[in-house]
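See structure below.
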Amino acid sequence: MDHTDKKEIRLKGINVSPGICIGKAYLVGKEGVDVVNKYYISQDNLQNEIKRFKSAVKRAKDNLQKIIETTPEELRQHIHILETHKVLYKDKMLYGKTIETMEKELVNAEWALKQVVSNVKRMFDNMTDSYLQGRAADIVQVSESIMQNLVGAKALDIGAIRKRVILVAVDLSPAETSQIQLEKIKGLITDLGGKTSHTGIIARSLEIPAVLGLESATHLIKNDDIIIVDGTAGCVIVHPTDQTLIEFGERQSNYERYKAVISRSSHLPAETVDGIKLDVLANIELPEEVVSVINYGGDGIGLYRTEFQYLSRLQFPDEHELFDNYKDVVEVMAPRPVTIRTLDISGDKGLSYASDPDEKNPVLGLRGIRYCLKNPDVFKIQLRAVLRASAYGHVRILFPMISRHEEVLAAKKLLANAADSLDKEGIDFNNDIEVGIMIEVPSAAIMADVMAKDIDFFSIGTNDLIQYSLAVDRVNRQVSHLYQSLNPAIIRIIKHVADVARNNNVEACICGEMASDPMNMPILLGLGINRLSMNPQSIPIIKKTIRSLNFKDTGLFIKDVLKETSETGIMEILTGTYGNILQDMGYNLIKVS
Amino acid sequence: MNNSENELSRRVIIANDLGLHARSASKIVKLVQNAKFNVWIIKDGKKADASSIIDILTLASPKGSTITVNIDDRSDLEILNNLVQLIESGFGE
């Protein structure tokens, strides 16, 4: 196909899965509609055939309604399109005309619908207004979903794709995403969806570049168009010029080369030059991610975020559903540890069915353990599910957003109650489950010595700890430059928690973004941290960094760090002392790509 | 007003930036669903059924174009008024 006569278009979306790919577009659900059979219906059967059509419309419409209802708040602006689609299903020109055609010509529903749609489409194609031309796509989309319900085919059959393509879709359901086969899909882009959507997580764990939330990709891109997906920058280029193709071709091979080098050594232990071994664990959100945890050489799960199962739905999940999920993860990872963090509903991840929209300051509001202690019924269901999963491997439980010692005691009491109830029912679980708390609120860090008496491990969530300690909202552009993980106050807080942990024989793990930056390793090691948890993709580079460091040296180095009074000073001695090592890590490459 | 002699018919100028697009058309359709008789939108001699988004869209009416809204029966006068109001207000956009 000639792409030189078309203008290069750059679309900006949400970068959910890094990497670059170049290839032909494949619009999901846009093919196969042309193979519609025509056959005649006897007068006796006409009413049944019409009924078949009507129920296909109903199913398609109900399905759409479900999508509308489960669309999270932040994507509500896309719903207007879907609301229009809903009205289109019963439009006279589509619905009425199809039934009319069936009655007049005595043909099957599929054939009648196809004829009606191509008439409508022709009408729109003749219009000069490009917006209206685009509306034909809405009608085609609506009729396709009716067609799919008529034919009884699965919504989208991604599994049947024969060539290596880049998937382009409005949105992908979990079922559809799970059909993706790596040898056929280079990358994927969608109109809807965001970083925490199921599609994004799957793309990350399959390591295919993905950009979501592009809004109009399916309108602008046609089948077989050449497109570039830059999942690192969150950008998609349609009809690239030759120059753009060369530029991105180079960036792609740089990225691949870097990844190959890094992952070759990912299964070696994270042991310093002087023989100190660290545990490098993974943060995950979905059971599907355990595959990439193992591939990247993770020593276990340091943080299993459980919010996902509570999001994008109409009501709370039940115990069985939760248990099934946890058990999947635990069994695959065994004997490696799986740290399950209990529900941490927060300001940016509110549940539509259980949140208070009037909360003015959700980050300082009813979140994490506060929410769970206030809703013991919801909490108990999850506690029972976690306990039951503990019979299948090495499970640890982690309470989020602890800010007072009483909360630890109250949560442990509810855990004991849940254990009692399982015991009475004769259900198996580990009676000696390790209990930990998140250290993300400064008051918990300061009280760490008191907390340590009642728990088995600390998990330092640096993202929130930095935010709360420095009083900086990292998404507020006016102040986000003040969000600095190497702020001397942050290093002192971590040091305090690490010291308390050592003195009380309690474990301390860093599980925020701070743990996934090679730059921070000399400092964290120097503070005596020997457990880190991060997104699976960062594990290889972090292990490699640790293998190049000397633990004793970092212990001396940290003394100098603690003398510094600003992050600039800390950064200076850090690059002065460890600049060479970090450069070798391809550290620059990460930042650039 | 040319059509003041005919109370079943009103001329309106499209006020919103996007013109009669899918979302505005669906708002018209929702209002018309309550009509007892047919409601029509006429532009440049072309007549569209106001209960069909597709039909309305085929009129291709951008901002500033003049359309005529027409009802078949007096009993739908209130709907006619509401429609005119909706269009004149720019569909609340």
Inset, instruction - Assess whether A:Leu574 counts as being crowded, with 21+ Cβ neighbours inside 10 Å, outside any strand (DSSP E or B) and outside the structural domain of A:Asp454 (by TED's automatic domain parsing). - result: yes
Inset, instruction - Identify all residues within segment A:192-230 that are modelled with pLDDT of 85 or more and either within 20 Å of A:Glu288 (Cα to Cα) or not assigned by TED's automatic domain parsing to the domain that holds A:Gly19 (or both); write none if there are none. - result: A:Ile208, A:Pro209, A:Ala210, A:Val211, A:Leu212
Legend entry - Counted residues, segment B:44-66 - those being aliphatic (A, V, I, L, M) and facing chain A (nearest Cβ under 9 Å): 4
Legend entry - Of all residues making up segment A:110-150, the number that are touching a Lys or Arg at 6+ places or on another chain (Cβ under 6 Å), away from every other protein chain (no Cβ under 14 Å) and not polar (S, T, N, Q): 1
Legend entry - Counted residues, segment A:297-324 - those being at pLDDT below 90 and either over 20 Å from A:Phe399 (Cα atoms) or among the hydroxyl-bearing types (Ser, Thr, Tyr) (or both): 5
Inset, instruction - Those residues that are of a type in the set (S, T, N, Q), crowded, with 16+ Cβ neighbours inside 10 Å and in a helix (DSSP H, G or I), I need them from segment A:80-128; list them, please. - result: A:Thr84, A:Thr98, A:Thr101, A:Gln115
Inset, instruction - Would you point out the residue of segment A:487-516, among those that are closer than 24 Å to A:Glu288 by Cα and part of a loop (DSSP other than H, G, I, E, B), that is modelled with the highest pLDDT? - result: A:Cys511
Legend entry - Selected residue [buried (at least 20 other Cβ atoms within 10 Å of the Cβ) and not β-branched (Val, Ile, Thr)] from A:Leu470, A:Leu465: A:Leu465
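Quick grid of which residues meet (1) in contact (Cβ under 8 Å) with a residue 60 or more places away in the chain; (2) out of contact with any Phe, Trp or Tyr (no Cβ under 9 Å at 6 or more places or on another chain); (3) surrounded by fewer than 22 Cβ atoms within 10 Å (Cβ to Cβ); (4) assigned to a loop (DSSP other than H, G, I, E, B):
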{"residue": "A:Tyr258", "(1), (2), (3), (4)": "yes, yes, yes, no"}
{"residue": "A:Val261", "(1), (2), (3), (4)": "yes, yes, yes, no"}
{"residue": "A:Ser266", "(1), (2), (3), (4)": "yes, no, yes, yes"}
{"residue": "A:Val273", "(1), (2), (3), (4)": "yes, no, yes, yes"}
{"residue": "A:Asp279", "(1), (2), (3), (4)": "yes, yes, yes, no"}
{"residue": "A:Asn283", "(1), (2), (3), (4)": "yes, no, no, no"}
{"residue": "A:Glu288", "(1), (2), (3), (4)": "yes, yes, yes, no"}
{"residue": "A:Val293", "(1), (2), (3), (4)": "yes, yes, no, no"}
{"residue": "A:Gly297", "(1), (2), (3), (4)": "yes, yes, yes, yes"}
Inset, instruction - Filter segment B:23-43 down to residues that are out of contact with any strand residue (DSSP E or B) (no Cβ under 9 Å at 6 or more places or on another chain) and either in contact (Cβ under 8 Å) with a residue 60 or more places away in the chain or assigned to a loop (DSSP other than H, G, I, E, B) (or both) and give me whichever is nearest to the other protein chains (Cβ to nearest Cβ). - result: B:Arg23
Inset, instruction - Scan A:Leu46, A:Leu64, A:Leu82 and give me the residue that is at pLDDT 90 or above and touching a helix residue (DSSP H, G or I) at 6+ places or on another chain (Cβ under 8 Å). - result: A:Leu46
Legend entry - helices (runs of 4 or more DSSP H) within segment A:378-478 that include 2 or more residues assigned by TED's automatic domain parsing to the domain that holds A:Ile494 and in contact with a Gly (Cβ under 7 Å, 6 or more places away or on another chain): A:462-470
Inset, instruction - State whether the residues of segment B:13-22 include one that is surrounded by 14 or more Cβ atoms within 10 Å (Cβ to Cβ), facing chain A (nearest Cβ under 9 Å), part of a helix (DSSP H, G or I) and at pLDDT below 90. - result: yes
Legend entry - When residues of segment A:164-191 are limited to those that are surrounded by fewer than 24 Cβ atoms within 10 Å (Cβ to Cβ) and among the aliphatic types (A, V, I, L, M), the one modelled with the lowest pLDDT: A:Ala175
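The values are calculated or read from the model by the stated rules, or taken from the named source; none is laboratory data. On a predicted model such as this, the values are computed, not experimentally measured, just so you know. Here Cβ is always computed from backbone atoms with ideal geometry, including for glycine, and neighbour counts include all displayed protein chains.
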